[in-house]
1. Of the residues in region 8-25, how many are without any contact (Cβ under 8 Å) to a residue 24 or more places away in the chain and not β-branched (Val, Ile, Thr)?
2. Having 1 or more residues that are among the basic types (Lys, Arg) and at pLDDT below 90 is the bar; report the strands (runs of 3 or more DSSP E) wholly within the chain that clear it.
Amino acid sequence: MQAVSSPAKQTKMEAGFQCAGCGEWNMTSVDASAGGHQRYVEDCQVCCKPNVLRVEYDQASGEFVIAAELE
């Protein structure tokens, strides 16, 4: 899980998540225009296992938080 700050004018931002299968770190892009609560599947760039990413915007900190679990 990683928190990433949300610049007001950017709609896409780089973010990272730890694969729930192999534990490797992966970089991804979060589309801020899709809302503060998102859920989608992205394959690990190392082991290719599908990870369900839950992206939440924390208004108190002004950051996106990403959590991953295996599909």
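1. Within region 8-25, the first condition is being without any contact (Cβ under 8 Å) to a residue 24 or more places away in the chain, and the residues that meet it are 8-12, 14, 23-25.
Restricting the remaining residues to those that are not β-branched (Val, Ile, Thr) gives 8-10, 12, 14, 23-25.
Here the count works out to 8.
2. In the chain, the matching strands (runs of 3 or more DSSP E) lie at 12-18.
The values are calculated or read from the model by the stated rules, or taken from the named source; none is laboratory data. These numbers come from a predicted model, not from an experiment. All Cβ positions, even for glycine, are placed from backbone atoms using ideal geometry, and neighbour counts span all protein chains on display.
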